[in-house]
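Each value in this text was obtained by applying a stated rule to the coordinates, not by laboratory testing. Computed from a predicted model, the values in this text were never measured in an experiment. Neighbour counts run over all protein chains shown; Cβ positions are idealised from the backbone, glycine included.
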Amino acid sequence: MNLKKGLVISFSAHVIIVLIMTLRAFIQPSPQIIDVSQAVRVDMVELPDQVNDKQLPEKIQDILKEKSKPVLEPERENIEPEEKSEPVPKIKELPPKKIITPDLSAVDLSKSKTKQKNALDKLKKMSAIEKIKQDLKNDADQKENKKSAPIKGRVLSAGSKIAGLDKLQSDEYLSKLDVQIKSHWNLPQWMIGKPFKTTVWVKLNANGSVISKKISSSSGNPTYDEYCLAAVEKASPFPAVPEKFSEVYKTDGVSFAFPE
């Protein structure tokens, strides 16, 4: 095929040359002698359909073999196209901000301590003022009570020692109470004649009612002591307390001994 192609090209070239020369002969006004001595002579020989390789020279056979070899395209490496990354815009770096921290060492701690001390002083003053007001109020109330209470005869103050005629009157009144208490003092049979001794301390109101009672000297037998307290409870209320002894009996109290 390559040989045929070459022959076709050669034939076409000769035809073109002949045509050019013919045209040139017609265009030129004066005939010129054409020198064909230097022309190339080409004999047109009909080529056989098939050419035997053995009939060709060895060099021509080599050339044909080289040309008949398929041209291998160079292998393309599977190179993935690089992704074009968009250029990252440069961020202008700002200078670091200066953080101003308070200098704690410069804080005057004495001021805070002074404020706390002043606040405490104010609270103490206020509490002292409130206490003074309360004391004044109590004093005023006591004075009002003293003014409103009617004064009847002589009254013994609490803690004062009863002596003289007052003692005789007090003993007479207390003996009546003792008789009244002993009348309600009922011991069981197995306690009668036992060497038990008990003292009961009693505080009385002016009307003779019992404010409080307790064992001031125990017998050592709780059952015996309970019988003594029960006797005081059953005997009350007592006759009204003489006015002069009301404060003493109410505050200091009187004692009753069991059995005597």
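Brief remarks follow.
- Between L136 and K244, the FRET efficiency from the beta-carbon distance, with R0 = 25 Å, is close to 0.20.
- Net charge of Cβ neighbours under 12 Å - reference S183; Lys, Arg +1; Asp, Glu -1: +2
- Theoretical FRET efficiency, 1/(1+(r/R0)^6), r = Cβ-Cβ of T114 and A206, R0 41 Å, to 0.05: 0.10
- Relative contact order, percent, the range 173-257 [alpha-carbon distance under 8 Å, six or more residues apart]: 40
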